[in-house]
1. Please sort 185-191, 531-537 by packing, taking for each peptide the average over its residues of neighbouring beta carbons within 10 angstrom, highest first.
2. What do you get for the angle between helix 102-114 and the principal long axis of the chain? Use alpha-carbon atoms, 0 to 90 degrees, nearest ten.
3. Relative to the Cα centre, what is the charge dipole magnitude of the stretch 51-320, using +1 at the beta carbon of each Lys and Arg, -1 at the beta carbon of each Asp and Glu, and rounding to the nearest 20 debye?
4. Less than 12 Å Cβ to Cβ from G423, Lys/Arg counted +1 and Asp/Glu -1: what total charge do the surrounding residues give?
5. Show me, for the stretch 308-325, the HN-Hα J-couplings you get by feeding each phi into the Karplus relation (A = 6.51, B = -1.76, C = 1.60, θ = phi - 60°), rounded to Hz, glycine and proline as x.
6. Could you order peptides 496-504, 476-484, 104-112 by the average number of other Cβ atoms within 10 Å of their residues, highest first?
7. For K129, which lysines qualify as cross-link partners when the Cα separation must be under 21 Å and same-chain residues fewer than eight apart are set aside?
8. First select every other residue whose beta carbon is under 10 angstrom from the beta carbon of R527; then total the charges, Lys and Arg +1, Asp and Glu -1.
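Here, each number is a calculation from the coordinates, and none is a lab measurement. All values derive from a computational prediction rather than experimental measurement. All Cβ positions, even for glycine, are placed from backbone atoms using ideal geometry, and neighbour counts span all protein chains on display.
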Amino acid sequence: MSTKSNVIDMNTTPNVNLDDGLSKLDQAIDRACKTLISQQTETGYWCYELEADSTIPAEYILMMHYMDEIDEELQAKIANYLRDKQEEEGGWALYYDGPFDISGSVKAYYALKLAGDAPDAPHMKKARKQILAHGGAETSNVFTRIALAMFEQLPWRATPVVPVEIVLFPKWFPFNLMKVSYWSRTVTVPLSILCSLKARARNPLGIGISELFKTPPDQVKCYFKSNNLIQRTFLFLDRVGFHIEPFIPRWIRNRAIKKAEKWTIERLNGEDGLGAIFPAMVNAYEAMDLLGYPEDDPHRLIARKSIDKLLVINEDSAYCQPCVSPVWDTGLAALALQESGGEGSEAAIRNGLEWLKQNQLLEEKGDWSEMRPELRGGGWPFQFRNDYYPDLDDTAVVAWAMHDTQDDYYAENVSRAAEWLEGMQSSNGGFASFEIDNDSYILNEVPFADHGALLDPPSVDVSARVVTLFGKLKKDGANYEAAMRQCIDYLREQQEDFGGWYGRWGNNYIYGTWSVLVALEQAGISRTDSMVLQAVAWLRACQREDGGWGEHNDSYNDISLAGKGAKFSTAYQTAWAMLGLMAAGEVDSPELAQAAEYLLKTQDADGLWSGPDFTAPGFPMVFHLKYHGYDKFFPLWALARYRNLKFAAGQ
């Protein structure tokens with residue numbers, strides 16, 4: 001892809017020089033601060049939209065037809081959204097400027113057909129042509145195939161076996177619930193009920209999509225081709241399981257269903273839903289219906305309410321979010337405002353941190369306590385509530401923001417957070433998002449895990465955030481030296497040959513590299529350390545002609561695109577690169593000045609920034625996200641940091 005798109009001509013546009021730079025920076029920062037503060041809720045938190053690809057909105061329509069609970073007006077708005085996201089060639093992608101995705105396209109097509117779009121409509125014909133050209137609906141991923149089986153578009157033999165008996169497997173068994181990630185756990189338990197009981201959608205209009213199959217649907221088998229011996233072995237075992245499943249004694253199945261039901265109900269999480277993520281919520285809702293919960297049952301009512309709270313409904317269109325991110329957004333907004341200062345910032349920060357203080361999980365024993373039963377709680381979730389699953393990344397960010405107030409009012413909150421984080425360190429020195437040593441990689445080879453994200457192993461970006469917090473606390477005399485040293489060793493091992501770090505939860509190597517450079521600065525690692533020097537050289541080399549940075553999501557699949565490949569520079573990635581360079585001491589570099597100029601020139605009239613791009617992966621190359629807050633607080637943070645460092649000594 002050309003890096004000339006959306007490029008600012010640095011030769012014809014006046015530069016931001018140091019004579020008038022402070023004034024322009026102050027004005028830009030002030031405008032951004034005011035708008036960011038105005039977007040804070042009365043309760044104190046920030047919560048921006050969290051948009052996924054077409055899959056989640058399509059699944060919402062599928063859910064309405066599965067349950068025969070069709071809201072025609074809402075369905076029409078979601079259908080408008082899906083049509084708007086259709087690519088010119090006819091299919092749907094996982095992210096802006098991404099390649100065709102077969103599974104998302106099948107679900108979007110089916111959802112539009114359920115919503116009343118005629119198969120011979122031009123956009124449907126184009127979609128069908130693309131789907132058939134890419135192998136047909138039979139080549140969809142596991143979750144799509146299961147949905148099609150529930151709608152009787154595929155036989156159940158075309159899906160991997162997901163027996164409810166997995167909830168009975170003991171901890172010593174090669175596979176058990178605690179060996180997979182929290183998201184896999186919450187999605188799979190209710191899904192296992194649906195699969196084991198061979199759920200059937202009501203589908204009141206009787207709509208099918210046989211036209212999307214190249215092979216007659218009743219002849220489709222469990223599609224899984226591989227030259228990998230481990231994968232072939234797992235597929236063989238899966239097919240054995242399919243044939244013996246009918247012979248499982250009824251008393252065992254009933255016991256397993258009861259345990260799965262109890263597990264799900266215990267974790268319904270009020271109006272925030274099972275796991276606080278859409279797929280788990282929908283599976284729980286549909287499983288309750290299948291198990292005979294009446295429409296007015298309190299559990300069923302609250303499960304549906306949790307789903308509908310994820311809707312974003314506009315005048316002409318609507319979509320469903322995969323989850324919400326108030327804790328994450330509030331922590332990052334607070335850090336940006338702490339750096340920027342300005343009128344109203346202090347009060348906004350105080351209100352945000354007070355809301356966060358009230359939502360710390362101090363006494364709740366989540367699934368993490370299975371591995372650390374003696375460890376005290378102290379984390380925060382990503383969402384409003386997710387008591388069983390606090391997030392290490394969010395916890396580190398919130399404690400960081402609280403620590404930086406230098407207010408003893410938050411001392412106990414920060415201490416408990418750090419204590420919990422230290423106890424959640426994995427044996428390789430890194431930190432995962434929710435789990436400890438959740439790295440049985442062989443499980444990613446099972447047919448059910450074709451998305452390759454069944455696990456939650458340590459990641460560079462989360463680990464870096466924890467080191468950042470520990471480094472700050474070390475300066476105050478707290479002793480997290482052993483944990484920090486082990487984690488820095490882990491980060492050193494994870495550095496790529498070209499100098500950057502992989503970004504598991506943000507797009508991509510720019511995100512990972514920013515995260516680590518900030519951590520190394522706080523940990524006291526010398527700026528002449530080879531890690532730092534290599535990372536700085538790589539970031540400089542990735543800068544585009546317009547002064548910004550822009551990395552395509554395709555870099556998750558093609559490392560040659562690390563740090564580049566996007567059509568345009570993006571404000572949030574430029575901010576990450578700036579924050580990383582400043583952490584490495586590059587305040588006076590020309591690259592940084594050009595980056596600041598880029599942000600000043602691309603600032604919107606409201607003082608913030610915007611763009612169409614998707615900012616982060618849920619699962620790389622499988623499920624991607626657009627955090628609508630990233631181009632709000634990250635550029636503000638970077639510009640304010642630049643101003644404070646560049647002009648602190650009157651330079």
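1. On the way: 185-191: 25.9, 531-537: 19.1.
Those peptides, ordered most packed to least, come out 185-191, 531-537.
2. 60 degrees
3. On the way: 33 positive and 35 negative charges, 331 e Å.
Using only the charged Cβ atoms, the result is roughly 1580 debye.
4. Working: positive: R372, R376, R416; negative: E374, E419, E422.
Neighbour charge sum, excluding G423 itself: 0.
5. Whole-Hz 3J(HN,Hα) from phi for the stretch 308-325: 5, 5, 8, 6, 10, 10, 10, 5, 10, 9, 8, 8, 10, 7, x, 5, 10, 10.
6. Numbers: 496-504: 21.6, 476-484: 14.6, 104-112: 27.2.
The densest-packed peptide leads the list: 104-112, 496-504, 476-484.
7. Candidates past the 8-residue exclusion: K85, K107, K113, K214.
8. Details: positive: none; negative: E521, D529, E586.
Taking every Cβ under 10 Å from that of R527, the sum is -3.
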